[in-house]
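Below you'll find the structure, written out as structure tokens, and then a few comments.
The values are calculated or read from the model by the stated rules, or taken from the named source; none is laboratory data. Note that the structure is predicted; figures quoted are calculated from it, not measured. In this analysis, Cβ positions are derived from the backbone assuming ideal geometry, glycine residues included, and neighbour counts consider all displayed protein chains. In case anyone asks, the SASA skips ligands and DNA or RNA and just uses the protein heavy atoms, side chains included. Shrake-Rupley method; radii C 1.70, N 1.55, O 1.52, S 1.80 Å.
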Amino acid sequence: MANFDSVESAREFFYKDKFAVITGVVLDELTEDEAICSLKITDDHKNAYGGVMGGVIFTLADFAFAVLSNQIHQLTVAQQVDIHYLAAPKGEKLIARATCRKSGRTSSIINVDISDDTGRDVAQFIGTGFKL
């Protein structure tokens, strides 16, 4: 059962996630079993070498994880997360697609695939959510 009755109510709730909002993360779509978030890459997201900082990619993935895990069960917090950086983004936008792999009585496993707007796979994030 979904905790948010619309993507707008989820956006309103997660607008309080100030770090993600300041970073530029946007909640694009939300269903009972999927959350899609994105971020337009700017110079503020780049490191000294001109690449997108890993923390920016992690923040986007963590936000998508938070949205979907709390859609499944509110309140859920991250218990364990793992991220694998696959390739440097080449496009102008990052997209995170969160899907539920398992939802149990006390925990959930959420996979978040991050790609850029060229279709390039950028990172894979797996989060375990603890249901409070």
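For the chain, the number of Lys pairs separated by eight or more positions or lying on different chains, with C-alpha atoms closer than 26 Å, is 13.
When the alpha carbon gyration tensor of the chain is reduced to an equivalent ellipsoid, its three semi-axes come out at 24, 15, 12 angstrom, largest first. Probing with 1.4 Å while keeping every protein chain in the model, the per residue accessible area of the chain equals 56 Å². When only C-alpha pairs under 8 Å and at least 6 residues apart count, what is the relative contact order of segment 56-114, in percent? This gives 40 percent for segment 56-114. Over the residues of the chain, the helix contribution to mean residue ellipticity at 222 nm works out to -7500 deg cm²/dmol, using -39500 (n - 2.57) for each DSSP H run of at least 4. Pop out the Kirkwood hydrodynamic radius of segment 61-132 from its pairwise C-alpha distances, inverse of mean 1/r, in Å to one decimal. Final number for the Kirkwood radius of segment 61-132 is 12.3 Å.
Look at the alpha carbon pairs under 8 Å that are at least 6 residues apart: their mean separation over the length of the chain gives a relative contact order of 24 percent.
Sparsely packed loop sites in segment 1-99 (the trypsin sites (Lys or Arg not before Pro) outside DSSP H, G, I, E and B with at most 16 other Cβ atoms within 10 Å) comprise K16, K90. Rolling a 1.4 angstrom probe over the chain with all protein chains present gives an accessible area of which 50% lies on carbon and sulfur atoms. Distance from the Cα centre of segment 20-81 to that of segment 95-110, in angstrom? Rounded to whole Å, the Cα centres lie 14 Å apart.
Only one residue of A78, N47, T59 has its Cα farthest out toward the positive end of the dipole of segment 1-90, where Lys and Arg carry +1 and Asp and Glu -1 on Cβ, and that residue is N47.
Ordering G129, S9, A87 by the projection of their Cα atoms onto the charge dipole of the chain, which places +1 on the Cβ of Lys and Arg and -1 on the Cβ of Asp and Glu, puts G129 at the extreme positive end.
Loop-resident chymotrypsin sites (Phe, Trp or Tyr not before Pro) (DSSP state other than H, G, I, E or B) in segment 1-101 with no more than 12 further Cβ atoms inside 10 Å of their Cβ: Y15, Y49. Overall, the chain carries a charge dipole of about 360 debye about its Cα centre when +1 sits on the Cβ of Lys and Arg and -1 on the Cβ of Asp and Glu, all other atoms neutral. The GluC sites (Glu not before Pro) of segment 1-82 meeting both criteria, a DSSP state outside H, G, I, E and B (loop) and at most 15 other C-beta atoms within 10 angstrom of the site's C-beta, are E32.
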